[in-house]
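The values are calculated or read from the model by the stated rules, or taken from the named source; none is laboratory data. Treat the numbers as computed from the prediction; the structure is a model and nothing was measured. Here the Cβ positions follow ideal geometry from the backbone for every residue, glycine too, while neighbour counts run over all protein chains shown.
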Amino acid sequence: MLKQRIITAAILLPVAIIGFFLLHGLAFAIFIGLVVALGAWEWARLAGFAGQPVRIAYAALVVVLLAVLYQLPALAPWLLALAVLWWLAATYLVLTYPQSSRLWGGSAGSLVIGLAILLPSWQALVVLKQWPLGNWLILAVMILVWAADIGAYFSGKTFGKRKLAPQVSPGKSWEGLIGGLLTSLLITLAVGIYRGWSVRELVLALLGAVAVVLISVIGDLTESMFKRSSGIKDSSQLLPGHGGVMDRIDSLTAAIPIFAVLLWLAGWGVL
């Protein structure tokens, strides 16, 4: 398993670096769109559709919707506002699972939820790419989420006793959440000091980091909730040793739109 993980990571890392940081404009939108389309193909399975025709049709629908969004950039603010509302709702669904499963709207409703997860994450990346220091912004949100994941893993393994969401993901603990959050905050603080941010800027950055990390956890738990409901361990086996695409991007699908909205509110860029 470890060998598979290393080989897969060695192949994907240069592809990811080229796609995220060297592509621009339409090429970047298409690259991210391919990742999102694969995520949609997997999500249809989580929604209860095991057959390939429905899963492929759902991925094709997502591609069409992405093309429409690219042609109509004026929809971006509305889509990101939808993302904020959805992730607030997802927080409630996660906290009240399994009772909340009756609110999903069955398989059809679960497909709609997939759109609310996947489309805004694509839109947010396209928006971030166009803003000043776009590549650095994308890297920043990824580092925040990855640092939180790493910090949560080690602090949870060392100190974890109180379950965070036992009905959704029994392996996660409150101690892990706190450790992951502190890790991201320390990185944010270090960057702020290095760049000479004012006290106000530093406080706002730390508050933003808290929001992004917490919502990234909800993104992770949301996919776990649907996997648990479907009796599925991994979203797919597309990435040997790593599971599926959704297993790798679940936290980011929540964090990236919120990150973009917070930067917009701070006046970083224009939607």
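Values as computed for the structure displayed
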{"read-out": "Given (1) in contact with a Lys or Arg (Cβ under 8 Å, 6 or more places away or on another chain); (2) part of a helix (DSSP H, G or I); (3) not hydrophobic (A, V, I, L, M, F, W, C), index of the condition Lys129 fails", "value": "(1)"}
{"read-out": "Pick from the range 245-269, criterion in contact with a Phe, Trp or Tyr (Cβ under 8 Å, 6 or more places away or on another chain) and crowded, with 24+ Cβ neighbours inside 10 Å, ranking: modelled with the lowest pLDDT", "value": "Met246"}
{"read-out": "Selection within the range 234-271 - within 10 Å of Leu46 (Cα to Cα) and free of Cβ contacts under 8 Å to residues at least 60 places away in the same chain", "value": "Asp234"}
{"read-out": "Top-ranked residue of the range 214-227 - restricted to ones that are surrounded by fewer than 23 Cβ atoms within 10 Å (Cβ to Cβ) and touching a Leu at 6+ places or on another chain (Cβ under 8 Å), ranked as nearest to Ser100 (Cα to Cα)", "value": "Lys227"}
{"read-out": "Val63, sole failed condition from (1) in a helix (DSSP H, G or I); (2) touching a helix residue (DSSP H, G or I) at 6+ places or on another chain (Cβ under 6 Å); (3) crowded, with 17+ Cβ neighbours inside 10 Å; (4) of a type outside the set (S, T, N, Q)", "value": "(3)"}
{"read-out": "Per-region count, the range 114-139, residues free of Cβ contacts under 8 Å to residues at least 40 places away in the same chain and either buried (at least 17 other Cβ atoms within 10 Å of the Cβ) or more than 25 Å from Leu22 (Cα to Cα) (or both)", "value": "2"}
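Each row is one residue, and each column tells you yes or no for (1) at pLDDT below 95; (2) surrounded by fewer than 14 Cβ atoms within 10 Å (Cβ to Cβ); (3) of a type in the set (Phe, Trp, Tyr).
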{"position": "Leu181", "(1), (2), (3)": "no, no, no"}
{"position": "Ser184", "(1), (2), (3)": "no, no, no"}
{"position": "Thr188", "(1), (2), (3)": "no, no, no"}
{"position": "Arg195", "(1), (2), (3)": "yes, yes, no"}
{"position": "Gly208", "(1), (2), (3)": "no, no, no"}
{"position": "Val212", "(1), (2), (3)": "no, no, no"}
{"position": "Ser229", "(1), (2), (3)": "yes, no, no"}
{"position": "Gly243", "(1), (2), (3)": "yes, no, no"}
